[in-house]
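*Asks:* Sharing a structure with you now.
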Amino acid sequence: MLLCVLALLPSTWVFTAADDRLRTTADVPRTEVAVVFGAGLWQGEPSPYLARRLDAAAELYRTGRIKVVLVTGDNSREEYDEPDAMRAYLTENGVPDGRIVSDYAGFDTWDSCVRAKKIFGVDRAVLISQGFHIRRAVALCQEAGVESYGIGVQDRHNGTWYYGATRELFAAGKASLDALFEPDPRFLGPEEPGVERALAAAG
């Protein structure tokens, strides 16, 4: 019984840390920056799950609830570029290119949160992901120093959704270790002024 309790502690922390910070696209506080986490590409295009996240970001921009979108994802190899695919999708859906900033080294959620704070200077953000992932994203970004609100976009509860939800039970363990030890991202690099410049252009 003790082992079961210990195994569930990380998931409990993730759940409670984000409990009062989940919103919808209609009621999320107006915030300058939204962060969209990568969720895979299909033949170079955003996967359906990623497209739902980007649709939510485009809606927030159209309704004036955000000014800039930070897209963060994997570009660890030349033939796989999540941030550029995300940027292209957003521009096709009404977000000006100058209001989009790309993080090419968002290899996992912790890396994305730390880089948002340390590299791009984001102190407050709306985070956009699927419901099964958004609590972990909020918990980790809070730990990284980014005051965060989360939007969990809706999706059909198919096999992929249930896989993602099950995976979160294990991912919560890594998240708790990241929050405890605060490791540097796989790639940190120099500070980048992209978000600051995009906000200045937005007025």
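*Asks:* Let me spell it out: the conditions are (1) modelled with pLDDT of 85 or more; (2) open to solvent by 80 Å² or more (accessible area, probe 1.4 Å); (3) under 14 Å from Ala39 (Cβ atoms), and Ile134 meets all of them except one. Which number is the exception?
*Replies:* Every listed condition holds for Ile134 apart from (2).
*Asks:* Are there any pairs, at least 6 apart or on different chains, whose C-beta atoms fall under 8 Å, with the first in segment 19-41 and without any contact (Cβ under 8 Å) to a residue 40 or more places away in the chain and the second in a loop (DSSP other than H, G, I, E, B) and open to solvent by 20 Å² or more (accessible area, probe 1.4 Å), and if so, which?
*Replies:* Arg30/Gly64; Arg30/Arg65
*Asks:* Please go through segment 22-44 and give me each residue that is within 18 Å of Thr109 (Cβ to Cβ) and open to solvent by 50 Å² or more (accessible area, probe 1.4 Å), ordered by number.
*Replies:* Result: Leu22, single match.
*Asks:* Related question: Which of the residues that make up segment 164-200 are acidic (Asp, Glu) and either modelled with pLDDT under 95 or on the phi > 0 side of the Ramachandran plot (or both)?
*Replies:* Residues satisfying the conditions are Glu168, Asp178, Glu182, Asp184.
*Asks:* Can you tell me which residue in segment 101-110 is farthest from Gly203 (Cα to Cα), limited to those that are surrounded by fewer than 23 Cβ atoms within 10 Å (Cβ to Cβ) and touching a strand residue (DSSP E or B) at 6+ places or on another chain (Cβ under 7 Å)?
*Replies:* Among them, the one singled out is Phe107.
*Asks:* Which condition number does Thr91 fail, the rest of (1) touching a strand residue (DSSP E or B) at 6+ places or on another chain (Cβ under 9 Å); (2) open to solvent by less than 50 Å² (accessible area, probe 1.4 Å); (3) not in a strand (DSSP E or B) being met?
*Replies:* Of the numbered conditions (1) touching a strand residue (DSSP E or B) at 6+ places or on another chain (Cβ under 9 Å); (2) open to solvent by less than 50 Å² (accessible area, probe 1.4 Å); (3) not in a strand (DSSP E or B), the odd one out for Thr91 is (2).
*Asks:* Another question, then. Just need a number here: residues in segment 56-85 that are of a type in the set (Gly, Ala, Ser) and either assigned to a strand (DSSP E or B) or at pLDDT below 95 (or both).
*Replies:* Matching residues across segment 56-85 total 1.
*Asks:* Still on this structure, I have one more. For the structure I just gave you, tell me whether Leu70 is touching a residue at least 12 places away in the same chain (Cβ under 8 Å), closer than 19 Å to Ser148 by Cα, out of contact with any Asp or Glu (no Cβ under 9 Å at 6 or more places or on another chain) and not β-branched (Val, Ile, Thr).
*Replies:* In short, no.
*Asks:* While we're looking at this one, here's another question. Output the number of the condition that Glu147 fails; it satisfies all remaining conditions of (1) at pLDDT 95 or above; (2) within 15 Å of the chain's Cα centre (by Cα); (3) open to solvent by less than 50 Å² (accessible area, probe 1.4 Å).
*Replies:* The one condition Glu147 does not meet is (3).
The values are calculated or read from the model by the stated rules, or taken from the named source; none is laboratory data. Note that this is a predicted model, so its numbers are computed, not measured. Note: ideal-geometry Cβ built from the backbone for every residue, glycine included; neighbour counts use all protein chains shown. To get the accessible areas, we keep the full protein, side chains included, count just its heavy atoms, and leave off ligands, DNA and RNA. Shrake-Rupley method; radii C 1.70, N 1.55, O 1.52, S 1.80 Å.
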